[in-house]
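S.K.: Could you have a look at this structure, given as structure tokens, before my questions?
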Amino acid sequence: MADPDTQDMLLGRYTPVMDSYAPHLLYPIPRADGREHIGCDQALPFYGCDFWHAYEMSWLDLQGKPVVRVGRVTVPASSANMVESKSFKLYLNSLNNTRFDSDAAVAAIIRRDIARVVGAQIQLELLAVDDARLAGVALTGNCLDALALTAPAGEPCADMLELQEGKIVEERLYTHLLRSLCPVTGQPDWASVWLHYRGAAMQHESLLQYIIAYRCHQEFHEQCVERMFCDIHRRVAPQFLHIQAFYTRRGGLDINPFRSTDPAAQPLPRLNRQ
């Protein structure tokens, strides 16, 4: 897990709202910190992105009238850093009383500032709050939530994943039972998890036990998904694997980390739950 003991991180600290544009608030978290703990810091076994929705975006037009949008931000998993979520929220709030002549001008500034912090080019869409593309969807596949099982003890590990001997499958599975903990504040983060793979068949009860084992596990959203991907990839040796977590919003932001063996694969849109 990433080391949260840093004096500069805003998470878990009282921070007043900034009334003027403040790009310095954006805080980077090196991806290498978490990847070292799961043994994938040398050669990544996945592609993907962190797919964010920002529901509380606002600024002023040149006459001082508020403009409101919903932002969709895509940060590549290959970037050197993640952006810490509270710092992202505070940064967006710092635009609230700044005047811009167009959506394009705002988008250009946000793209530049986030790219500087994460160390890679990012994508940003600014959508009207009633844009049909923001409608939530339902996950496809087999929901694991009705399975009977014994609550796991201890931290999640790949050894918890049991295989059905000699059976190769392609299947889509999901659960709404993921809870993990923020490594800085210890507060819970809630999510649904979806995966699509082809390879050695996982015993469904063991997969659900593995995911529930994150209930008292402290890591950032992105790190949890990368840990899941690497553990499943090692156990199943899949022909392909896609995994995405859909975290419920906090501070007007939801984060949807997506990791895949396919560099061309795209994340799924937001869920009704979000």
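S.K.: Out of the total accessible area of the chain (probe 1.4 Å, heavy atoms of protein only), what percent is carbon and sulfur?
M.R.: So the carbon and sulfur contribution to the accessible surface is 50 percent.
S.K.: Taking each pair of different alpha-carbon atoms in the chain once, compute 1/r for the pair, average those values, and report the inverse of that mean as the Kirkwood hydrodynamic radius in Å to one decimal.
M.R.: Hydrodynamic radius (Kirkwood, Cα pairs) of the chain is 19.5 Å.
S.K.: Heavy-atom accessible area per residue, region 141-256, 1.4 Å probe: how many Å²?
M.R.: On a per-residue basis, 40 Å².
S.K.: Ordering Asp131, Asp189 by how much accessible area each has at a 1.4 Å probe, largest first, what is the list?
M.R.: Largest accessible area first, the list is Asp131, Asp189.
S.K.: Solvent-accessible area of Phe46, probe 1.4 Å, all protein chains present, reported in Å² to the nearest ten, please.
M.R.: Here the residue's solvent-accessible area equals roughly 10 Å².
S.K.: Which value in nm describes the separation of the simple spin-label points at Leu147 and Glu171, placed 7 Å from the Cα toward the beta carbon?
M.R.: If labels sit at Leu147 and Glu171, their model points lie 0.7 nm apart.
S.K.: Can you find, among Ala107, Asn97, Leu126, the residue sitting farthest towards the positive end of the charge dipole of region 83-128, where Lys and Arg contribute +1 and Asp and Glu -1 at Cβ?
M.R.: Farthest towards the positive end: Asn97.
S.K.: Can you list residues from other chains, or at least 5 along the same chain, whose modelled amide H is less than 5 Å from the amide H of Glu171?
M.R.: Those qualifying (amide H under 5 Å, at least 5 residues apart or on another chain) are Tyr197.
S.K.: Could you name the lysines whose alpha carbon sits less than 19 Å from that of Lys167, not counting residues in the same chain fewer than 8 places away?
M.R.: Here the lysines satisfying the reach criterion relative to Lys167 do not exist.
S.K.: Related question: Compute the normalised compactness of region 110-152: alpha-carbon radius of gyration over 2.2 N^0.38 Å, N being the residue count. Let's see the in-between values first.
M.R.: On the way: Rg = 19.0 Å, N = 43, 2.2 N^0.38 = 9.2 Å.
My calculation over the Cα atoms of region 110-152 gives 2.07.
S.K.: Where nothing but the Cβ of Lys and Arg (+1) and of Asp and Glu (-1) is charged, how large is the charge dipole of the chain around its Cα centre, in debye to the nearest 20?
M.R.: Rounded to the nearest 20 debye, it is 480 debye.
S.K.: Of all the C-alpha pairs in region 139-236, what % are more than 15 Å from each other? Display every interim value, and only then the final one.
M.R.: Numbers: 2853 of 4753 pairs.
Percent of Cα pairs beyond 15 Å in region 139-236: 60.
S.K.: Run the helix sum for the chain: -39,500 (n - 2.57) per DSSP H stretch of 4+ residues, divided by residue count, reported at 222 nm to the nearest 500 deg cm²/dmol. All intermediate terms of the calculation are to be shown ahead of the outcome.
M.R.: Numbers: 5 runs with 57 residues, N = 274.
Counting only the DSSP helices, I get -6500 deg cm²/dmol.
S.K.: Explain nothing, just the number: relative contact order of region 103-207, from Cα pairs under 8 Å at least 6 residues apart, as a whole percent.
M.R.: Taking the mean separation of contacting Cα pairs over the length of region 103-207, I get 26 percent.
S.K.: Show the residues, 5+ positions off or on another chain, whose built amide H is closer than 5 Å to the amide H of Glu219.
M.R.: Leu181
S.K.: Still on this structure, I have one more. Out of Phe258, Gly48, Leu60, whose Cα points farthest toward the positive end of the dipole of the chain (charges: +1 Lys, Arg; -1 Asp, Glu; placed on Cβ)?
M.R.: Leu60
S.K.: Still on this structure, I have one more. Around Ser206, with a cut-off of 11 angstrom between Cβ atoms, what is the net charge of the other residues, counting Lys and Arg +1 and Asp and Glu -1? Intermediate values should be presented prior to the final figure.
M.R.: Details: positive: Arg235; negative: Asp159, Glu162, Glu205.
Result for the neighbourhood of Ser206: -2.
S.K.: Here's a follow-up. Excluding ligands and nucleic acids, what accessible area in Å² is computed for Ile109 using a 1.4 Å probe, to the nearest 10?
M.R.: Accessible area, nearest 10 Å²: 40 Å².
S.K.: Another question, if that's okay. Set Lys and Arg Cβ to +1 and Asp and Glu Cβ to -1, take the dipole of region 125-274 about its Cα centre, and tell me which of Cys157, Phe220, Tyr247 lies farthest positive.
M.R.: Tyr247
S.K.: Mind listing the phi-derived Karplus ³J(HN,Hα) values for region 48-57, rounded to whole Hz, using 6.51, -1.76 and 1.60 with θ = phi - 60°, and x for any glycine or proline?
M.R.: Working through the residues one at a time gives x, 7, 9, 10, 9, 10, 10, 8, 10, 9 Hz.
S.K.: Taking K and R as +1 and D and E as -1, what net charge do the other residues with C-beta under 12 Å from the C-beta of Leu124 add up to?
M.R.: Net charge around Leu124: +1.
S.K.: As a test question: what accessible area, to the nearest 10 Å², does Thr261 have when a 1.4 Å probe is rolled over all protein chains in place?
M.R.: Thr261 exposes around 40 Å² with every protein chain in place.
The values are calculated or read from the model by the stated rules, or taken from the named source; none is laboratory data. No experiment lies behind these values; they were computed from the predicted model shown. Here Cβ is always computed from backbone atoms with ideal geometry, including for glycine, and neighbour counts include all displayed protein chains. When the accessible area is computed, the model is the full protein with side chains, heavy atoms only, and any ligands, DNA or RNA have been set aside. Shrake-Rupley method; radii C 1.70, N 1.55, O 1.52, S 1.80 Å.
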